[in-house]
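Peer 1: One structure is given below, represented as structure tokens, and several questions about it will come after.
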Amino acid sequence: MRSALNIRQSFFGFICALILATLTLPASAQQCDDFNQPITSKGSAEQMLQPFSNDLLVSEFATSCLVSILTALKPRIVVGVGWADEDVARLIQATGALRSILANGGPSAIRISRSNDNLDSISTLVTAARGNNQTARVNSAIVLADVIDNSGLCVVIDHLYDPDLGETNDGKSGRVNLLSIASVVAPWAYRENFENLGRLRDYIGPKLQQDNDAKRAMVLYTNLVDRMNYQNDIRNPNMKQDLPSSMRECYSYVPVWANKTERRLTYDAPPG
């Protein structure tokens, strides 16, 4: 017979799993109403919206609602187009809130965020992490460093192929951010991502070496190379395995820059 201790442990595990499942459910529009604060003042983007209250940030739907905001911003937070002040304000508010949740919530908050994100929300974060608003750029880079995984890495890799990325000071900072974020996944990248990182490494290395103003980027590039070179079948068995079906969002991603001249970012479905 099972001991009382084992029964209590099993019950506790069931309750924890139930709570985690609840926290990862998509929030409804009504539940997110409090997160869609109206624009209350004019001025700089940083002044247009107040931070969310602590009560909102600890609510069970906080992460899902914030990801929904980022997803909705995707069509308007794009490279090469001026961003409306209202959208920048919303972006700063949402990324600042996620940054706080992840910093205070630890690994469980990261798991919840990853279970709620999607390619559109990741695209918004990646674009902001290389954008010209410093607050949004820093917030987004910090959030991405926590939540990026095999399911969204394709977006980061694609942006690093943009030939205009290092043409401005903001772009250079963005390139540093994205190289750092790409390095996060290298030690546990699955086959497709490991191969895509390898092609990125071979492409971007010579370009950085020719850029006299890319010293910071070279440091992060070297870190990426070192992390990839350190991997083998024992340290990272994922590198020889196809992406699990639950992580194949990038199979539907259409690259903007990576495949303009040749196929550098590919996610071919495994046979069968």
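The values are calculated or read from the model by the stated rules, or taken from the named source; none is laboratory data. Please read these numbers as outputs of a predicted model, since none were measured by experiment. Here the Cβ positions follow ideal geometry from the backbone for every residue, glycine too, while neighbour counts run over all protein chains shown. Surface areas here come from the heavy atoms of the whole protein model, side chains and all, with no ligands, DNA or RNA. Shrake-Rupley method; radii C 1.70, N 1.55, O 1.52, S 1.80 Å.
Peer 1: Return the residues of the range 200-242 that are in contact (Cβ under 8 Å) with a residue 60 or more places away in the chain and hydroxyl-bearing (Ser, Thr, Tyr); say none if nothing qualifies.
Peer 2: Once the filter is applied, which keeps residues that are in contact (Cβ under 8 Å) with a residue 60 or more places away in the chain and hydroxyl-bearing (Ser, Thr, Tyr), the range 200-242 yields only Tyr203.
Peer 1: Does the range 119-135 contain at least one residue that is touching a Leu at 6+ places or on another chain (Cβ under 8 Å), over 19 Å from Met218 (Cα atoms) and open to solvent by 10 Å² or more (accessible area, probe 1.4 Å)? Explain how you work it out, then say what you get.
Peer 2: Step one: of the range 119-135, the residues touching a Leu at 6+ places or on another chain (Cβ under 8 Å) are 120-122, 124-126, 128-130, 133.
Adding the requirement that they be over 19 Å from Met218 (Cα atoms) leaves 120-122, 124-126, 128, 133.
Restricting the remaining residues to those that are open to solvent by 10 Å² or more (accessible area, probe 1.4 Å) gives 120, 133.
Yes, the range 119-135 contains a residue that is touching a Leu at 6+ places or on another chain (Cβ under 8 Å), over 19 Å from Met218 (Cα atoms) and open to solvent by 10 Å² or more (accessible area, probe 1.4 Å).
Peer 1: Pairs under 7 Å by beta carbon, first residue without any contact (Cβ under 8 Å) to a residue 60 or more places away in the chain in the range 114-125, partner of a type outside the set (Asp, Glu) and outside any helix (DSSP H, G or I), six or more apart or different chains?
Peer 2: Within 7 Å, the pairs are Asp117/Gly152; Asp120/Lys74; Ile122/Gly152; Ser123/Lys74; Thr124/Lys74; Thr124/Ile77.
Peer 1: Six or more apart or on different chains, Cβ atoms under 8 Å: show the pairs whose first residue is in the range 70-89 and on the phi < 0 side of the Ramachandran plot and open to solvent by less than 20 Å² (accessible area, probe 1.4 Å) and whose second is among the basic types (Lys, Arg) and assigned to a helix (DSSP H, G or I).
Peer 2: Pairs that qualify, where the first residue is on the phi < 0 side of the Ramachandran plot and open to solvent by less than 20 Å² (accessible area, probe 1.4 Å) and the partner is among the basic types (Lys, Arg) and assigned to a helix (DSSP H, G or I), are Leu73/Arg90.
Peer 1: Another question, if that's okay. Mind checking which residues of the range 93-107 are open to solvent by less than 50 Å² (accessible area, probe 1.4 Å) and farther than 16 Å from Val67 by Cβ?
Peer 2: Taking the range 93-107 as the starting set, the residues that turn out to be open to solvent by less than 50 Å² (accessible area, probe 1.4 Å) are 93-98, 100-102, 105-106.
If the condition is that a residue be open to solvent by less than 50 Å² (accessible area, probe 1.4 Å) and farther than 16 Å from Val67 by Cβ, then Gly106 is the only one that fits.
Peer 1: Residues Gly131, Gly80: which one is at pLDDT 95 or above and of a type outside the set (Val, Ile, Thr)? Lay out the reasoning, then the answer.
Peer 2: Numbers: Gly80 fails: at pLDDT 95 or above.
Sole residue among the options that is at pLDDT 95 or above and of a type outside the set (Val, Ile, Thr): Gly131.
Peer 1: Can you tell me which residue is nearest to Asp149 (Cα to Cα) among those in the range 167-203 that are open to solvent by less than 50 Å² (accessible area, probe 1.4 Å) and outside any helix (DSSP H, G or I)?
Peer 2: Ala189
Peer 1: Only one residue in Asp226, Asp213 is assigned to a helix (DSSP H, G or I) and open to solvent by 50 Å² or more (accessible area, probe 1.4 Å), so which one is that? Walk me through how you get there before you give the answer.
Peer 2: Details: Asp213 fails: assigned to a helix (DSSP H, G or I).
When all the criteria are applied, what remains is Asp226.
Peer 1: Let me ask you something else. As an exercise: evaluate Val256 against (1) within 20 Å of Thr127 (Cβ to Cβ); (2) open to solvent by less than 30 Å² (accessible area, probe 1.4 Å); (3) of a type in the set (A, V, I, L, M); (4) not in a helix (DSSP H, G or I) and give the number of the one condition it does not meet.
Peer 2: (2)
Peer 1: Which of the residues spanning the range 68-87 are hydrophobic (A, V, I, L, M, F, W, C) and within 10 Å of Ser121 (Cα to Cα)?
Peer 2: In the first step, residues of the range 68-87 are kept if they are hydrophobic (A, V, I, L, M, F, W, C); the result is 69-70, 72-73, 77-79, 81, 83-84.
Within the range 68-87, Ile69, Leu70, Ala72, Leu73 meet the criteria.
Peer 1: Could you say which residue among Pro206, Pro271 is at pLDDT 95 or above, open to solvent by 50 Å² or more (accessible area, probe 1.4 Å) and more than 21 Å from Ile148 (Cβ to Cβ)?
Peer 2: Working: Pro271 fails: at pLDDT 95 or above.
Of the residues listed, the single one that is at pLDDT 95 or above, open to solvent by 50 Å² or more (accessible area, probe 1.4 Å) and more than 21 Å from Ile148 (Cβ to Cβ) is Pro206.
Peer 1: Is it true that Glu262 is of a type in the set (Asp, Glu), out of contact with any Asp or Glu (no Cβ under 7 Å at 6 or more places or on another chain) and farther than 24 Å from Asp117 by Cβ?
Peer 2: Values: of a type in the set (Asp, Glu): yes; out of contact with any Asp or Glu (no Cβ under 7 Å at 6 or more places or on another chain): yes; farther than 24 Å from Asp117 by Cβ: yes.
When the stated conditions are applied, Glu262 passes them.
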